[in-house]
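The values are calculated or read from the model by the stated rules, or taken from the named source; none is laboratory data. Bear in mind the structure is a predicted one, so any value in this text is a computation, not a measurement. Because the Cβ atoms are built from the backbone with ideal geometry, glycine has one as well, and the counts that use them run over all protein chains shown. Protein only, heavy atoms only, side chains kept; ligands, DNA and RNA dropped before computing areas. Shrake-Rupley method; radii C 1.70, N 1.55, O 1.52, S 1.80 Å.
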Amino acid sequence: FVDSCFSGGVDGKGLFGGDVGATTMNARKVKFNKRKMVVFSAGANKEYSNGYDQKAYRMFGYFTMKNILQGKKDIKSIYKKTKKQTYDTSLSEYGDLRAQSPTIDGNFRLKL
């Protein structure tokens, strides 16, 4: 598992105020072996990567780690639960304009 989120900071200084990660950049499409790997993304294109102030983490990262630490082993169940928690919490915390819906690509049948 690799968490490589751009949080809006460079050299210890924030580029953006508030608790929103910089997700309006256009990332290049990356090729990877979709039989051997799976990629979770914090949100769909043009969505915010919300912070979760109550837990002092990014919202998606918090729920992903929580589900793994609770013993979930298969990627599909980790993703489904994380997606629901992230989406529901983003709506309740920030409303429709900052809804966050994680995505998945690759082999979701893998197990940890």
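Pairs meeting the criteria (first residue in segment 88-109 and aromatic (Phe, Trp, Tyr), second residue surrounded by 15 or more Cβ atoms within 10 Å (Cβ to Cβ), beta carbons under 7 Å, at least 6 apart or on different chains) are 94/50; 108/38; 108/75; 108/76; 108/79.
Given the condition over 15 Å from the mean Cα position of the chain (by Cα) and within 21 Å of residue 32 (Cβ to Cβ), answer yes or no: does some residue in segment 59-66 qualify? Please lay out each step first, then the result.
First, the residues of segment 59-66 that are over 15 Å from the mean Cα position of the chain (by Cα): none.
No, there is no match, as no residue in segment 59-66 is over 15 Å from the mean Cα position of the chain (by Cα) and within 21 Å of residue 32 (Cβ to Cβ).
Note on segment 93-102: residues that are open to solvent by less than 50 Å² (accessible area, probe 1.4 Å) and either farther than 17 Å from residue 55 by Cβ or β-branched (Val, Ile, Thr) (or both) total 3.
Working only within segment 93-112, note down all residues that are in a helix (DSSP H, G or I) and over 14 Å from the mean Cα position of the chain (by Cα). Lay out the reasoning, then the answer.
Going through segment 93-112, the residues in a helix (DSSP H, G or I) turn out to be 93-94, 96-98.
Residues satisfying the conditions are 93, 94, 96, 97.
Residues that are assigned to a helix (DSSP H, G or I), open to solvent by 50 Å² or more (accessible area, probe 1.4 Å) and among the hydroxyl-bearing types (Ser, Thr, Tyr) within segment 46-92 comprise 87, 92, listed in sequence order. Residues in segment 31-45 that are exposed (fewer than 10 other Cβ atoms within 10 Å of the Cβ) and of a type in the set (S, T, N, Q): 33 alone.
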